[in-house]
1. Please identify the pairs in which a residue from the range 390-413 that is farther than 17 Å from residue 444 by Cβ has its Cβ atom under 6 Å from the Cβ atom of a residue that is modelled with pLDDT under 95 and within 16 Å of the ligand (Cβ to nearest atom), counting only partners at least 6 apart or on another chain.
2. Restricting to the range 156-177, name every residue that is modelled with pLDDT of 95 or more and surrounded by fewer than 18 Cβ atoms within 10 Å (Cβ to Cβ).
3. Taking the range 343-368 only, how many residues are buried (at least 18 other Cβ atoms within 10 Å of the Cβ) and within 27 Å of the chain's Cα centre (by Cα)?
4. When the residues of the range 525-545 are filtered to those that are in contact (Cβ under 8 Å) with a residue 40 or more places away in the chain and assigned to a helix (DSSP H, G or I), which remaining residue is surrounded by the most Cβ atoms within 10 Å (Cβ to Cβ)?
5. If I go through the range 290-301 residue by residue, how many of them are surrounded by fewer than 23 Cβ atoms within 10 Å (Cβ to Cβ) and within 23 Å of residue 262 (Cα to Cα)?
6. Determine whether the range 84-94 contains at least one residue that is free of Cβ contacts under 8 Å to residues at least 60 places away in the same chain, closer than 20 Å to residue 161 by Cα and surrounded by 19 or more Cβ atoms within 10 Å (Cβ to Cβ).
7. Which residues, taken from the range 403-441, are in a loop (DSSP other than H, G, I, E, B), over 23 Å from residue 469 (Cβ atoms) and touching a helix residue (DSSP H, G or I) at 6+ places or on another chain (Cβ under 7 Å)?
8. Could you look through the range 442-467, keep only residues that are in a loop (DSSP other than H, G, I, E, B) and either touching a helix residue (DSSP H, G or I) at 6+ places or on another chain (Cβ under 8 Å) or within 16 Å of the ligand (Cβ to nearest atom) (or both), and pick out the one that is nearest to residue 55 (Cα to Cα)?
Ligand code: TPP
């Protein structure tokens with residue numbers, strides 16, 4: 001066999017094994033060294049190849065697809081600095097538990113560390129952020145080596161999906177000539193195992209013994225003052241059992257916007273989702289002190305909740321984590337339970353049938369929630385544009401079956417405070433693994449490839465950070481509405497003590513960039529509207545949802561006024577609560 005045929009058989013086996021294991025998407029960035037990987041992926045009948053020129057955006061684009069599908073997405077790039085541009089997306093995927101298979105092409109060993117062009121040390125480039133690294137062997141087409149490369153592919157998929165999910169990195173050395181032979185006989189059947197099989201990868205559900213669940217249920221039933229806290233969850237599959245558990249125990253649920261519990265047609269009677277607002281009210285906190293907290297999912301966004309948990313420490317804090325992680329920044333957990341959320345709820349419930357929960361405790365929480373919602377109602381009548389009201393408007397305007405991708409900084413915090421519960425099916429996603437303001441446009445666009453009616457809510461600096469990402473929308477005809485909240489700089493810093501340091505604040509933290517985004521949006525073929533009134537915003541938003549391509553609806557706000565607006569709102573809510581409860 002020629003070099004070309006050997007290499008083709010080897011790389012084709014690798015690509016085919018990935019496709020057999022239900023990998024559907026490959027995000028490729030152009031380059032020469034990765035030629036056989038790119039061409040064979042593009043040629044495989046079961047794979048969708050998406051070109052993304054900028055590797056930094058490509059990494060996040062793949063992350064968005066993988067987040068939405070909960071399936072591994074493959075990244076392919078050439079050697080050199082291209083590989084390093086994946087770094088932020090790999091870090092986010094690691095912490096957010098998103099399965100990615102990063103495939104970097106490399107020079108063969110004789111061309112490493114000898115001054116060859118576009119050659120950098122790519123070994124373990126992502127350090128601890130890759131769950132598994134393999135320096136793949138050079139292409140060979142012996143049966144043993146074809147089985148080897150198929151096994152590498154299967155193991156990459158298995159590792160990316162096993163708890164906790166995350167990124168893996170395969171570095172693939174390739175010798176020239178790099179062009180594969182697409183006419184090779186039995187191209188996709190090379191190296192297949194007995195009866196054309198591939199390695200299936202099974203994932204187990206983590207659980208406890210029935211005996212342990214029985215003891216736990218008995219203990220939980222002794223508590224009258226409990227709270228269930230739900231942080232980010234991958235989907236809403238546990239919504240019904242979680243709410244049932246809450247009702248049976250008489251524990252209110254504090255559901256983070258990323259818990260997928262704020263929207264949907266599950267029972268919402270135990271939901272107390274205005275907690276980020278009312279937990280700032282010192283006067284009522286003592287009355288709400290729980291004796292036990294059961295926490296599911298990632299740590300919630302709300303700082304007010306974190307402080308409440310630390311200040312009013314419950315006797316027991318049980319953290320249930322499907323993936324056996326250790327996500328407890330309060331450092332107060334009394335029990336870490338490695339168990340699938342749905343299995344946990346169902347198993348505890350199976351031992352709880354005789355519990356008759358009193359509703360005295362949950363009524364107190366629900367009454368505070370109602371008073372908070374009355375206080376927040378003032379937003380409805382406001383005429384001026386404000387960041388908080390933009391979220392309230394969005395919660396109304398988003399259609400059923402839509403996805404809201406939320407930028408970091410103030411957008412996710414405002415969604416936490418002002419996105420009211422509803423019975424529509426609205427998925428809310430964000431990059432909360434490492435909370436970066438980078439790559440958000442690309443991640444949202446990756447999501448839009450999978451989910452219909454995708455809307456991105458983002459601040460101006462974060463939008464600027466990943467303007468490059470917009471090209472993917474043009475190249476792949478993606479539809480997205482981007483609500484751009486432009487307060488000309490980093491609005492979040494005005495809430496922090498740094499804002500008191502007047503001499504240096506604007507230059508170091510406020511960082512106004514004075515950008516006119518219209519031209520940039522148009523350059524990428526998108527439509528742009530600046531809304532100056534709520535009426536114009538509603539109209540532009542609704543119109544954009546029926547249009548193809550990228551539509552940016554910008555509202556301009558002022559950072560200083562935004563802080564005052566939030567503080568006034570919190571004060572009004574405090575008054576409303578105090579009027580109702582303290583007389
Ligand atoms: N760089 C990255 C990659 N990620 C970060 N989180 C930061 C810097 C620090 N940071 C957090 S918020 C923020 C910065 C720079 C400002 C974001 O501004 P913008 O996107 O306009 O949102 P706003 O704060 O106005 O809501």
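1. Partner pairs satisfying both residue conditions: 392/418; 395/419.
2. 175, 176, 177
3. Count: 3.
4. Out of the qualifying residues, it is 537.
5. 3
6. Checked against the condition, which is being free of Cβ contacts under 8 Å to residues at least 60 places away in the same chain, closer than 20 Å to residue 161 by Cα and surrounded by 19 or more Cβ atoms within 10 Å (Cβ to Cβ), the range 84-94 yields at least one hit.
7. Residues satisfying the conditions are 419, 420.
8. It comes out as 466.
The values are calculated or read from the model by the stated rules, or taken from the named source; none is laboratory data. These numbers come from a predicted model, not from an experiment. Reconstructed Cβ throughout: ideal geometry from the backbone, glycine too, with neighbour counts over all protein chains shown.
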